[in-house]
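First the structure, in the form of C-alpha cells, and then the observations on it.
Values quoted throughout were computed directly from the atomic coordinates according to the rules given, and no laboratory measurement underlies them. Here the structure is a predicted model, which means the values were calculated and not measured. Backbone-built Cβ (ideal geometry, glycine too); neighbour counts: all protein chains shown.
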Amino acid sequence: MISRYSDLIEATHSEPEPQRLLFVFCRAELPDDASANEKAAFEQGEGGALTPVICVDKAPAEVLEFSSLVEQSRSTGEPWDVVFVAAMSGRGGTLPSSDEAQQPMTMMVESIRLGQVGNYLPLDKHGDAINFG
C-alpha cells in the first residue's frame, strides 16, 4: 500500500523493469457557474474541478525526494493543489524515454480533465496520498 511519495519510490525499485514516473500537477478551481452551496463547500476545501497546470516525466532517480519535485514545480510559477502520479515500465532493462512518455502523459491529462483519476496516485503538497473516496 502506497501512502506517501517515499513508498512510491521504494516500489519503483522493486519492479523488474526500470520505471519512468509521469506527474500531472493540478489546481483546484471553482467553475464559473457554481452554486452558492458549491462555493461554500469549495471555501471549506471540498469540491471544485481539478485543472492540469504542469506535466512532467522523470526517472525515479531524478526525484528521490518529494521536496525536490515540489521545488522544481515552484520554478514554473504555477500554483497547484494535487499531483497525480503514474508509472511506465521499461522493456528489456531500458528506461522509457521522455518521447515514449508523451502519449501516455496526454492520455493521463485527458483522463484527469474528465474526472477519471482512479488509475493514478494522488498526492498532496506534502507527498501524502489523498483519498478521494
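Before moving on, here are some points about what is shown:
- Extreme residue, positive dipole direction of the chain, given options His126, Ser98, Ala36 (C-beta unit charges): Ser98
- The residues neighbouring Ser97, those whose beta-carbon lies less than 10 Å from its own, together hold a net charge of -2 under the Lys/Arg +1, Asp/Glu -1 convention.
- Restricting the calculation to alpha carbons of segment 1-98 gives Rg and Dmax of 16.5, 55 angstrom.
- Close amide H contacts of Val53 (hydrogens built in the peptide plane, cut-off under 5 Å, sequence separation of 5 or more or a different chain): Phe25, Cys26, Arg27.
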